[in-house]
Amino acid sequence: MSVLHIVNKSPFDRNSLDSCLRLAKADSPILLIEDGIYAVQKNTAAAERMQQALSNHPVYALRSDLQARGINPDNIIDGISLVDYDGFVELTTEHDKLQSWL
Amino acid sequence: MKFGILINEGPYTHQASDSAYHFTEAALRAGHQVVRVFFYHDGVNNGTRLSVPPQDDRNISERWSALGQKYDLELILCVAAAQRRGLLDEDEAKRAGKDGSNMAPGFQISGLGQLIDAGIQADRLIVFGD
């Protein structure tokens with residue numbers, strides 16, 4: 001069984017990304033949407049955690065939410081994959097359970 | 001694949017209702033089935049027909065109604081959450097002795113059992129909220 005973890009909170013506002021990373025099994029994918037997007041940026045207080053997370057989990061970020069927040073694609077931590085809504089739907093079909101960390 | 005959608009946040013709050021809409025639309029466009037969209041807690045506010053957003057802004061409840069009509073979707077508001085927040089269809093308004101109803105087209109009021117049922121029927125249940 002595989003779980004897709006969906007995080008929609010900024011790591012600078014709430015601890016849902018930390019909770020997710022603490023409890024998610026190795027190799028289970030993490031999708032960042034809405035304010036969760038802020039975790040993708042280089043050179044922030046959350047960047048090291050994100051970097052570490054990437055060694056255990058595939059990490060995806062929703063492109064339209066990234067664009068809505070004006071984050072420069074050059075400023076994204078290496079290894080994070082961007083998906084659109086079609087890709088979001090596809091990810092949800094590839095994993096048995098969906099966990100939204102609200 | 002069959003999806004159930006749960007929305008726990010009101011419109012124009014953060015982004016949950018928008019994310020849920022775009023996800024639902026993308027899933028339907030990809031040929032998946034959406035067995036039910038269940039609006040719970042403040043999410044029931046998505047079902048008002050009295051919302052008048054600025055003309056250059058999206059109209060969230062109208063957008064749901066239109067998607068519901070296009071794909072014959074079940075848009076369900078939790079009855080207890082709806083009553084507390086003043087979301088009434090004609091029957092509920094009559095029963096409560098209120099002078100009007102405010103449900104947008106295509107939305108229906110039902111019970112929490114419909115959420116459980118969506119969880120059973122669907123292959124995936126996805127939650128959008130705050």
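The values are calculated or read from the model by the stated rules, or taken from the named source; none is laboratory data. Please read all numbers here as calculations on a predicted model, not as lab measurements. In this analysis, Cβ positions are derived from the backbone assuming ideal geometry, glycine residues included, and neighbour counts consider all displayed protein chains.
Points to keep in mind about this one:
- One residue from B:L77, B:L88 being in contact with a Ser or Thr (Cβ under 6 Å, 6 or more places away or on another chain), away from chain A (no Cβ under 14 Å) and crowded, with 21+ Cβ neighbours inside 10 Å: B:L88
- A search for C-beta distances below 6 Å between a residue of region A:59-85 that is within 14 Å of chain B (Cβ to nearest Cβ) and any residue that is β-branched (V, I, T) and part of a loop (DSSP other than H, G, I, E, B), counting only pairs 6+ apart in sequence or on different chains, returns A:A61/A:I80; A:L62/A:I33; A:D65/A:I33.
- Filtering region A:77-84 for residues that are surrounded by 18 or more Cβ atoms within 10 Å (Cβ to Cβ) and under 20 Å from A:N43 (Cα atoms) leaves a non-empty set.
- Failed condition for B:D56, given (1) of a type outside the set (V, I, T); (2) within 11 Å of another protein chain (Cβ to nearest Cβ); (3) over 17 Å from B:V127 (Cα atoms): (2)
- Among helices (runs of 4 or more DSSP H) entirely within region B:47-109, having at least 3 residues that are under 15 Å from B:G10 (Cβ atoms) singles out B:60-71, B:79-85.
- Checked across region A:32-44, the condition of being hydroxyl-bearing (S, T, Y) and without any contact (Cβ under 8 Å) to a residue 60 or more places away in the chain holds for at least one residue.
- When region A:60-76 is filtered for residues that are modelled with pLDDT of 95 or more and either in a helix (DSSP H, G or I) or exposed (fewer than 15 other Cβ atoms within 10 Å of the Cβ) (or both), the ones remaining, listed by number, are A:R63, A:S64, A:D65, A:L66, A:Q67, A:A68, A:R69, A:G70, A:N75.
- Among the residues examined, B:A20 qualifies as touching a residue at least 40 places away in the same chain (Cβ under 8 Å), within 14 Å of chain A (Cβ to nearest Cβ), in a helix (DSSP H, G or I) and in contact with a strand residue (DSSP E or B) (Cβ under 7 Å, 6 or more places away or on another chain).
- Selection within region B:111-130: residues that are in a helix (DSSP H, G or I) and surrounded by fewer than 16 Cβ atoms within 10 Å (Cβ to Cβ). The member of this set that is farthest from the other protein chains (Cβ to nearest Cβ) is B:G113.
- Scanning region A:1-36 for residues that are assigned to a helix (DSSP H, G or I) and out of contact with any Ser or Thr (no Cβ under 8 Å at 6 or more places or on another chain) turns up A:S16, A:L17, A:D18, A:S19, A:C20, A:L21, A:R22, A:L23.
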